[in-house]
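The values are calculated or read from the model by the stated rules, or taken from the named source; none is laboratory data. These numbers were taken from a predicted model, which means no experiment stands behind them. Positions of Cβ are generated from backbone atoms using ideal geometry, with glycine treated the same way; all protein chains shown enter the neighbour counts.
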Amino acid sequence: MKTLLLLFQLIIFCSAPALAGAAKKAPAEENAQKLIEVLGCMGCHKIKGVGGSLAIDLTLVGNGKSEEQIRAQLTIDPASRKKGFMPNYQSLPEKDLRQISTYLYNLK
Ligand code: HEC
């Protein structure tokens, strides 16, 4: 009986890190969410029901655009846009631009 109990404890002990890992978000995803919040994207865009209505809802943007096309949208010169009021995020490090576009692409 005691051995059985020990065995159970061992199984729980060993599977705990795996369970914790599954619940935890990847750092890149977490960083992308933080960036989107700090940069104010949701002042204009809705993401999963939260945000403004000045621009297109980004929740399903990955259905119509590749990751690369989403990335490109972040650094377009506002003057060459149809609706020119989206800011240009050219000053962000490439790593951040990638994390944002990967995150948005995978929302779909
Ligand atoms: C001031 C309002 C505003 C803010 C802030 C803003 N956007 Fe936009 N965004 C727009 C508008 C307007 C368009 C449409 C531009 C056009 O017509 O070319 C757009 C287009 C886009 C598109 C292309 C969508 C599509 O399917 O054509 C993406 C992707 C996007 N924004 C992502 C972002 C991200 C990410 C942020 C934050 C880093 C952000 N936007 C911040 C207004 C905004």
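Looking at this structure, is LYS108 over 13 Å from the mean Cα position of the chain (by Cα) and either modelled with pLDDT under 95 or exposed (fewer than 13 other Cβ atoms within 10 Å of the Cβ) (or both)?
It is false that LYS108 is over 13 Å from the mean Cα position of the chain (by Cα) and either modelled with pLDDT under 95 or exposed (fewer than 13 other Cβ atoms within 10 Å of the Cβ) (or both).
Please indicate, with yes or no, whether at least one residue in region 16-30 is within 9 Å of the ligand (Cβ to nearest atom) and not hydrophobic (A, V, I, L, M, F, W, C).
no
Say we look at region 42-56 and pick out the residues that are near the ligand (Cβ under 9 Å from one of its atoms) and without any contact (Cβ under 8 Å) to a residue 40 or more places away in the chain; which of these is farthest from TYR103 (Cα to Cα)?
So, considering only residues that are near the ligand (Cβ under 9 Å from one of its atoms) and without any contact (Cβ under 8 Å) to a residue 40 or more places away in the chain, the one farthest from TYR103 (Cα to Cα) is LEU54.
Can you name the number of the only condition in (1) in contact with a Phe, Trp or Tyr (Cβ under 7 Å, 6 or more places away or on another chain); (2) within 20 Å of LYS25 (Cβ to Cβ); (3) assigned to a loop (DSSP other than H, G, I, E, B) that THR75 fails?
(2)
What is the residue count in region 62-72 for residues that are within 10 Å of the ligand (Cβ to nearest atom) and part of a loop (DSSP other than H, G, I, E, B)?
1
Among residues belonging to region 77-103 that are near the ligand (Cβ under 7 Å from one of its atoms) and without any contact (Cβ under 8 Å) to a residue 60 or more places away in the chain, point out the one that is farthest from SER53 (Cα to Cα).
Restricting to residues being near the ligand (Cβ under 7 Å from one of its atoms) and without any contact (Cβ under 8 Å) to a residue 60 or more places away in the chain, the top hit is TYR89.
Testing LEU58 on (1) outside any loop (DSSP other than H, G, I, E, B); (2) among the aliphatic types (A, V, I, L, M); (3) closer than 14 Å to LEU35 by Cβ, one condition comes back false. Which one is that?
(1)
Which residues, counting only those in region 91-108, are assigned to a loop (DSSP other than H, G, I, E, B) and within 18 Å of LYS34 (Cα to Cα)?
Hits for region 91-108 are SER91, LEU92, PRO93, ASN106, LEU107.
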